[in-house]
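The values are calculated or read from the model by the stated rules, or taken from the named source; none is laboratory data. All figures in this text were calculated on a predicted structure; none of them were measured in a lab. In this analysis, Cβ positions are derived from the backbone assuming ideal geometry, glycine residues included, and neighbour counts consider all displayed protein chains. Ligands, DNA and RNA are excluded from the accessible area calculation, which covers all protein heavy atoms including side chains. Shrake-Rupley method; radii C 1.70, N 1.55, O 1.52, S 1.80 Å.
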Amino acid sequence: MLQKPKGTYDIYGDKALKMLYFRKLVTALMDKYNAKYFETPIFESSNLFHRGVGETTDIVSKETYDFKDRGGRDLTLRPEGTAGIVRCFIENKLYADTLPLKAWYLGPMFRYERPQAGRFREFYQFGFEAFGSNDAMIDAEVISIIVNLFNILGLKGIKVYINTLGDKESREKYRKALLDYFKPHLNDLCEDCQMRYEKNPLRILDCKIDSDKDIMKNAPKMTDYLNEDSKKHFDKVKEYLDIMKVEYEVNPSIVRGLDYYTHTVFEVSADIQGFGAQNVLAAGGRYDHLVEFIGGPSIPGVGFAVGLERLFLALEAEGILLQEKSPLDVYIFGTSSLEKSYVLSLANNLRMAGFNTEIDYNDHSFKSNFKHADKLSAKFIIIIGSLEVETKILTVKDNQTKEEYKVKLEDIIDFLDEKLGDDDED
Ligand code: HAM
C-alpha cells in the first residue's frame, strides 16, 4: 500500500476542524493589527534560503529539501516563511508603500529533520513580519501578539524567553571573544563545530551535540559585549513589555537557529508538565539587515512564527479542544428516484440562501435516510415525495423536537431562517 512520506501527516476530521478554526481566529486577530495576508511560493530559488537563513545553520546545511527542476534550476522547498516574504517585499517594491508594513502568512514549511512528537518534515507555521521600524516598540508588540493569541486560545502554561544579539558592532566584538575562547578547546568540539569555528562561531552555541559540555556553559555571554545602542534597544523592549504586562524572562543562551537576527530574539515555550522536548511553540526576532542582504534597500524587520502542530499539542495537553463544528442545517431526501432533480434544485437554493445542506445521492430507504440524517446531526429533514412535488408544500421535520411541519415551497427559506436564526447568526 502506498503510504505518506515519513514526517508528514494528513489533515482531516478533527485536525481539519482545528486548522480551519485557527485560520479563522488569526484572520480576525491580524485585522486588529492592520496586518495584511501574504502567500508566497512553497518553493523558491535555493539561493534565497541558503543566503537568507545562512549556510552554516543546521536548517540549511542539513535540513533543506533541495532539488533541480526539469529546466536545471536549483530550487528549495521553503524551510521557513521569513525569507520568502522578504523576497516578495523587495521584488514587488512594497517598501515604496507606506511603512511599516505588517505581513502575516499561514502555510506548510519543510525541513528534513528526525521526526518525533511535535517535529515533522512538513509542518505548518503561522507567521508575522513587520518591515520599516527600528523602534523597540514593535519588537515588544510582536512578542505581545503571540501572548495575546495564546491567551485568546486559553493556553495557560507558556513562558516567554527573550535575549538580544546586539547590533553589527556588538556582534563583531562577541564573535572575536568567542574565537579567542574556543581556540584552546577546538579538539573537544564536534566536527560541525570545528567548521562553525571557521565560518560562524556564534553557531557553535546552537550545537545540539556539544550543548551539555562545560565549555559551552562557560562560553562568553553576548550581554557582556553589547554597545550602548544595543543595550538601550533591549532595555526599551523590556520596558514596553512591562507596560503591556507581558511576563518574560531574559535567557542569554538563546541565539536562534537562523543567521538573520540582530538585537531582540525570543522564544515562547510550553510550560506544561510532561510536555515533550519540542516545547518551543513560537519564536522570532529582529532582522535589521536581511532585506538589504537579499538585495533590497536598508529596511529593518521583525517577526515571529508559531508552529501549529506544537501549539495544538500544547492545547490538547491543557484539555482545550479548539474546534467549532459547522452544523448541518438541513438534510433533504426524495422518497423515490423520481424526486431527485427536485431535491437537487431545492438543495442548491437552500445552500445559496446560506444553509448548510446535505442530500441523499444514493437512493437510500426511508428508514436509512433518517438514520443518516441523525448521524450527520442534521437539524431539519425535508422529505420530498410525489405529493410534495405536485402541491409545492414541503414536509419538514425538526430533527430535535421531532415535530413535523407543512411548509409552502415559497416560504421554506423564511421558515428555516426563523427556526435557525439564533444559532446561525455568524
Ligand atoms: P524557527 O524557530 O525555525 O523560526 O521556527 C518557528 C517555530 O516553528 C518553532 O518554534 C516551532 O514551533 C516550529 N517548527 C520549527 N521546525 C519544526 C518542525 N520540524 N516540526 C514542527 N514544528 C516546527 C522561523 O522559522 C523564523 N522564520 C521565525 C521568524 C519569523 N523570525 C522572524 N520572523
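More than 20 Å from the chain's Cα centre (by Cα), open to solvent by 10 Å² or more (accessible area, probe 1.4 Å) and at pLDDT below 95: does that describe Asp259?
For Asp259, the condition - more than 20 Å from the chain's Cα centre (by Cα), open to solvent by 10 Å² or more (accessible area, probe 1.4 Å) and at pLDDT below 95 - is met.
Considering only the stretch 72-109, state which residues are open to solvent by less than 30 Å² (accessible area, probe 1.4 Å) and either farther than 27 Å from Ile299 by Cα or in a helix (DSSP H, G or I) (or both).
Thr82, Ala83, Gly84, Ile85, Val86, Cys88, Phe89, Ile90
Report yes if some residue within the stretch 23-30 is open to solvent by 70 Å² or more (accessible area, probe 1.4 Å) and either more than 16 Å from the ligand (Cβ to nearest atom) or in contact with a strand residue (DSSP E or B) (Cβ under 8 Å, 6 or more places away or on another chain) (or both); otherwise report no.
Looking for residues that are open to solvent by 70 Å² or more (accessible area, probe 1.4 Å) and either more than 16 Å from the ligand (Cβ to nearest atom) or in contact with a strand residue (DSSP E or B) (Cβ under 8 Å, 6 or more places away or on another chain) (or both), one finds at least one in the stretch 23-30, hence yes.
Go through the stretch 84-111 and count every residue that is at pLDDT 95 or above and among the acidic types (Asp, Glu).
Residues in the stretch 84-111 being at pLDDT 95 or above and among the acidic types (Asp, Glu): 1 in total.
For the list (1) farther than 16 Å from Pro79 by Cα; (2) modelled with pLDDT of 95 or more, I need the number of the one condition that Lys156 fails.
(2)
Could you check, for the stretch 230-243, whether at least one of its residues is aliphatic (A, V, I, L, M) and within 12 Å of the ligand (Cβ to nearest atom)?
No: zero hits.
I need a count of the residues in the stretch 272-307 that are near the ligand (Cβ under 10 Å from one of its atoms), more than 18 Å from Ala103 (Cβ to Cβ) and either among the hydroxyl-bearing types (Ser, Thr, Tyr) or not in a strand (DSSP E or B) (or both).
2
Considering (1) surrounded by 14 or more Cβ atoms within 10 Å (Cβ to Cβ); (2) assigned to a loop (DSSP other than H, G, I, E, B), say which one Lys245 fails and leave the rest.
Going through the list (1) surrounded by 14 or more Cβ atoms within 10 Å (Cβ to Cβ); (2) assigned to a loop (DSSP other than H, G, I, E, B), Lys245 breaks only (1).
Can you name the number of the only condition in (1) open to solvent by less than 50 Å² (accessible area, probe 1.4 Å); (2) outside any helix (DSSP H, G or I); (3) farther than 16 Å from Arg286 by Cβ that Arg203 fails?
Of the numbered conditions (1) open to solvent by less than 50 Å² (accessible area, probe 1.4 Å); (2) outside any helix (DSSP H, G or I); (3) farther than 16 Å from Arg286 by Cβ, the odd one out for Arg203 is (2).
Does Gly118 satisfy the criteria of being buried (at least 19 other Cβ atoms within 10 Å of the Cβ) and farther than 28 Å from Asp235 by Cα?
When the stated conditions are applied, Gly118 passes them.
Return the pairs, sorted by first residue and then second, in which the second residue is among the small types (Gly, Ala, Ser) and near the ligand (Cβ under 10 Å from one of its atoms), the first residue lies in the stretch 306-320 and is closer than 14 Å to Gly274 by Cα and open to solvent by less than 30 Å² (accessible area, probe 1.4 Å), the beta carbons are less than 8 Å apart, and the residues are 6+ apart or on different chains.
Sorted first by the residue in the stretch 306-320, then by its partner, the pairs are Ala314/Ala270.
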